[in-house]
Amino acid sequence: MPGNICIVDDEPSILNTLSSILEDEGYQVSLAKSGAEALKLIRAEPPELVLLDIWMPEIDGLETLKRIRQQFPNLMVIMMSGHGSVETAVKSTKLGAYDYLEKPLDLEKVTILVRNALHQRKLEEENLNLRIQVERHSELVGDSPVMETLRQEIAAAAPTHSRVLISGENGTGKELVARAIHLQSPRQSRSFVEVNCAAIPETLIETELFGHERGAFTGAVSQRRGKFDLADGGTLFLDEIADMSVATQAKVLRVLQEQQFIRVGGSKLIKVNVRVIAASNKDLRQEIEKGTFREDLFYRLNVLPIEVPPLRNRREDIPALVRYFLRVHTEEQGMKLKEITDDALKTLTRHDWPGNIRELRNQVERLMIMVPKSTIETADVIPFMPGLADGVGQKVSALDNYDSLRDARHAFEREYITNRLRTNEWNVSKTADDLKIERSHLHRKIKSLSVDLRPES
């Protein structure tokens, strides 16, 4: 399927010739006579391919290429030059250009190269989508050394039937590790059953785990199967197991030893074949010392220990995670995919992320919704990052206090526009250009959002 192409050249004859040829091939073409005009066009509507002249006044092609790659790292760019040299070609390739064309242009070569570039882009998108589909089963994104170690531990544990104990801070993805082990195990076609031990009251946990018979207690109008029963032949994931009472721990220990149990109110032994994976954000050895966790249960569970690293220990994975979550939220929200600049990614990487993967995912979703532009920049990220600027933490907390997405969006827009106005010394026209909206549109926003145009004294 033909794609969208942006041609950038200060020679009208080149623009006319190339646009005619490519439009005849079925491509949609947009034209720019300078690097600045090209950047404006690309920000407004990113094309699939850019044909970019090197020798142009003001902003030359190499500088334009550098700026394109900073904001749209996946955009295909083919460079053109009438003063070609090996050095220039090498430099453009190092900056991220797909290929290089010398003038006078061989039009047949142009069409072939354009076709190949767009085909390459399609393959890359398909490979990325395939990778996302595969990763969605585990969402264990990242190529850092600690993530490679984690994958190796998962691969070693998965083919066995041994119990696994996963440790790690809140939000690190302990459930994802448990699911990855299950999906790579011989039990992958059977059930994966999760129990959040911290979320079930003590009065209900036994019924939840082992089920009950009809008439076992008031309200038990029918037989109910428990989680151990439902997980028969598959995997039972006991999350936050440290929050389970000592009395319930004893009953779980007995099931692990005997692979059988009795439903509440019943007398029949039910045999099961269940692989148990447990997880905790607490140090279970310390819990043993405090008397809140059974030592014998710990040793039953801790056959294959796996520790999930916090996000601050694998900062190099943050860019990949951000781009992954951008695509996930794009599909979930039904929105157009946004780009993010390298500088914005560096800003996100500097944060410690005490909430780990869960916090990062929520932040990316917030940026997807709250940033109106097609590209997320550093200035968009700062207001949402506690500790990176004065008062930022309060801003993020404040956003969580709004009753609706509309109110939160209005609060963000008011703050964002005020900050941009302040930066531009309260010049409305300059701020409108900065925000890439019409001046009349900005005036309407200022009025509807009650933005104060008076500088602070």
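Looking at Ala279, Ala344, just one residue is within 19 Å of Pro372 (Cα to Cα), small (Gly, Ala, Ser) and in contact with a helix residue (DSSP H, G or I) (Cβ under 7 Å, 6 or more places away or on another chain), and that residue is Ala344.
Please indicate, with yes or no, whether at least one residue in region 60-78 is farther than 28 Å from Pro319 by Cα, not assigned by TED's automatic domain parsing to the domain that holds Val322 and not basic (Lys, Arg). So that I can check it myself, show each step before the final result.
As a first pass, look at region 60-78 and keep what is farther than 28 Å from Pro319 by Cα: 60.
Cutting the leftovers down to not assigned by TED's automatic domain parsing to the domain that holds Val322 gives us 60.
Now narrow it down to the ones that are not basic (Lys, Arg): 60.
The answer is yes, given that some residue of region 60-78 is farther than 28 Å from Pro319 by Cα, not assigned by TED's automatic domain parsing to the domain that holds Val322 and not basic (Lys, Arg).
Condition check for Val86 on (1) among the aliphatic types (A, V, I, L, M); (2) touching a strand residue (DSSP E or B) at 6+ places or on another chain (Cβ under 9 Å); (3) free of Cβ contacts under 8 Å to residues at least 24 places away in the same chain: one failure, at (2).
Just one of Ser280, Ser245, Ser267, Ser222 is of a type in the set (Ser, Thr, Tyr) and buried (at least 17 other Cβ atoms within 10 Å of the Cβ); which is it? Give the derivation first.
Values: Ser245 fails: buried (at least 17 other Cβ atoms within 10 Å of the Cβ); Ser267 fails: buried (at least 17 other Cβ atoms within 10 Å of the Cβ); Ser222 fails: buried (at least 17 other Cβ atoms within 10 Å of the Cβ).
Sole residue among the options that is of a type in the set (Ser, Thr, Tyr) and buried (at least 17 other Cβ atoms within 10 Å of the Cβ): Ser280.
At least 2 residues being over 32 Å from the mean Cα position of the chain (by Cα) and in contact (Cβ under 8 Å) with a residue 24 or more places away in the chain is the threshold, and among the strands (runs of 3 or more DSSP E) wholly inside region 198-311 those reaching it are 260-262. Among the residues making up region 139-163, those that are assigned to a loop (DSSP other than H, G, I, E, B) and touching an Asp or Glu at 6+ places or on another chain (Cβ under 8 Å) are Val141, Gly142, Asp143, Ser144. Here is a check on your reading of the model: is Leu101 under 27 Å from Asp342 (Cβ atoms), at pLDDT 90 or above and touching a Lys or Arg at 6+ places or on another chain (Cβ under 8 Å)? No, not satisfied. In region 353-362 there is at least one residue matching the filter, namely being of a type in the set (A, V, I, L, M) and at pLDDT 90 or above.
For region 215-225, does any single residue satisfy the condition of being among the hydrophobic types (A, V, I, L, M, F, W, C) and closer than 26 Å to Glu175 by Cβ? No, there is no match, as no residue in region 215-225 is among the hydrophobic types (A, V, I, L, M, F, W, C) and closer than 26 Å to Glu175 by Cβ. Comparison of Glu307, Glu377 shows that the only residue that is at pLDDT below 95 and not aromatic (Phe, Trp, Tyr) is Glu377.
If we keep just the residues of region 170-182 that are in contact with a helix residue (DSSP H, G or I) (Cβ under 9 Å, 6 or more places away or on another chain) and surrounded by 20 or more Cβ atoms within 10 Å (Cβ to Cβ), which is farthest from Asn362 (Cα to Cα)?
Taking region 170-182 first, the residues in contact with a helix residue (DSSP H, G or I) (Cβ under 9 Å, 6 or more places away or on another chain) are 170-173, 176-177, 180-181.
Among the residues that remain, those that are also surrounded by 20 or more Cβ atoms within 10 Å (Cβ to Cβ) are: 171-173, 177, 180-181.
Values: Gly171: 11, Thr172: 13, Gly173: 14, Val177: 20, Ala180: 22, Ile181: 25 Å.
So, considering only residues that are in contact with a helix residue (DSSP H, G or I) (Cβ under 9 Å, 6 or more places away or on another chain) and surrounded by 20 or more Cβ atoms within 10 Å (Cβ to Cβ), the one farthest from Asn362 (Cα to Cα) is Ile181.
Of all the residues in region 236-256, those that are among the acidic types (Asp, Glu) and more than 24 Å from Leu176 (Cα to Cα) number 0.
Out of Thr349, Thr330, Thr341, which single residue is hydroxyl-bearing (Ser, Thr, Tyr), assigned by TED's automatic domain parsing to the domain that holds Asn419, modelled with pLDDT under 90 and under 15 Å from the mean Cα position of the chain (by Cα)? Quick ask: steps written out before the conclusion?
Numbers: Thr349 fails: modelled with pLDDT under 90; Thr341 fails: modelled with pLDDT under 90.
Exactly one residue qualifies, and that residue is Thr330.
Take Arg323 and decide whether it is at pLDDT 90 or above and in a helix (DSSP H, G or I). Give the derivation first.
Values: at pLDDT 90 or above: yes; in a helix (DSSP H, G or I): yes.
It is true that Arg323 is at pLDDT 90 or above and in a helix (DSSP H, G or I).
The values are calculated or read from the model by the stated rules, or taken from the named source; none is laboratory data. Remember, it's a predicted structure, so these values are computed and weren't measured experimentally. Please note: Cβ atoms are built from the backbone with ideal geometry, for glycine as well, and neighbour counts cover all protein chains shown.
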